[in-house]
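These notes are about the structure you will find just below.
Laboratory data are not the source of any read-out in this text; all were calculated from the coordinates shown. None of these values were measured; they are calculated from a predicted model. Methodologically, a virtual Cβ is constructed for each residue, glycine included, from the backbone with ideal geometry; neighbour enumeration extends over all protein chains shown.
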Amino acid sequence: MTNPRILFLSSVLIFILFFVACSEQDYEKEDIAAVLNGEEITYEEIMWQFSLEDDLEKWVTAYLKQEIFIIEAKTQGITVTDEEKEERKEGMFPGTTASERYELMETKELFDSQATLLGVTPKEYYEVWEDKSHRAQAYIDKYIDEIFGRPTEGDDVDKWGQEIDEHIEDLFNDYIETGKLEMK
């Protein structure tokens, strides 16, 4: 015969596990995810570039590392012009608009789901995503060129990539240790 108390506690435990597993995100898009150099960064700001549905900490960290790259690039005097950003956007589909490039995308699920979460159309989301992503990548590429150069034939590309990964990890940790970055 089953003890009623054990059965009750088991039922409560199963309910709690089910509730936790089925609960949606544990943040609101207006919540502050981090403070970087005194600037508050909301989850919404991050959601314009990354989906936070799969692994919140991973994508928040990726966004913050990207922003640290940009800060460090600007500290080095690196700039990215609107023309450079537009050139990058049109790289795969020269002479096209953001709306046309969106239509040419094979997979639109990310844009559709993020647009829904942010209350905009998928094309509107894509335009902002494209702008922010290409701007960030331009800064990152220029920073890497300035600090590490590009590997040439015969260079160990894996070692070069590892040095960059270690560099950004060191910068990230330094920002935390010096109080320039506070994760919420």
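To the nearest 10 degrees, how steep is helix 4-22 against the longest Cα principal axis of the chain, on a 0 to 90 scale? Between the helix axis and the principal axis of the chain, the angle is about 20 degrees. Taking a ≥ b ≥ c as the square roots of the Cα gyration tensor eigenvalues, segment 29-183 comes out oblate, since a/c reaches at least 1.5 and a/b does not exceed b/c. Adding -39500 (n - 2.57) for every DSSP H run of four residues or longer, then dividing by how many residues the chain holds, sets the calculated 222 nm ellipticity at -20500 deg cm²/dmol. Go ahead and collect, in residue order, the members of segment 34-57 whose backbone nitrogen is under 18 Å from a label point 7 Å along the Cα-Cβ direction of SER113. Once the point is set 7 Å along Cα→Cβ of SER113, 43-57 turn out to lie under 18 Å by backbone N, inside segment 34-57. For the chain, find the longest principal axis of its Cα atoms and tell me its angle to the long axis of helix 109-118, 0 to 90°, nearest 10. For 109-118 against the chain, the angle is about 70 degrees. How far, in degrees from 0 to 90, does helix 157-177 lean away from the longest principal axis of the Cα atoms of the chain, to the nearest 10? So the helix axis and the longest Cα principal axis differ by about 60 degrees.
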